[in-house]
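Okay, structure first, notes after.
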Amino acid sequence: MEITEVRQESREVQTGTKCDYCGKEVKGVYPKTWHHFDSHHSDWGNDSRESYEYFDVCSPRCFIEIARKQMNDGVGFNKPEERSTTQISDFNEQFLFELLKLLP
Ligand SMILES: [Zn+2]
């Protein structure tokens, strides 16, 4: 026979989302107007490394600000000879660089 006991287990559940740029918070389901994306950098030089960061943003404006910050923090703009790649939200860095130049 099964031996049972009543247990109260606690686990972490998501109850809302916070914008990683402006800090705006929403409770409950993920808003359709928000965007979840990752920033990925891989460097296959002497110092082989790979990193992912994940972000949630509440607006295109917040996306742009994070993308610019990621680029400025050295995630992007690697020299071609360094054979490294950066992707932010599936844009490759050169495409995103051109895109950001179009924006005020
Ligand atoms: Zn925001």
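Laid out as a table, the results:
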{"item": "Charge context of Leu103, other residues only, Cβ under 10 angstrom, K/R +1, D/E -1", "result": "+3"}
{"item": "Order of Asp90, Asp20 under a 10 Å beta carbon neighbour criterion, fewest first", "result": "Asp90, Asp20"}
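Values quoted throughout were computed directly from the atomic coordinates according to the rules given, and no laboratory measurement underlies them. Quick caveat, the model's predicted, so the values are computed rather than measured. Every residue, glycine as well, gets a Cβ built from its backbone with ideal geometry; the counts of neighbours run over all protein chains shown.
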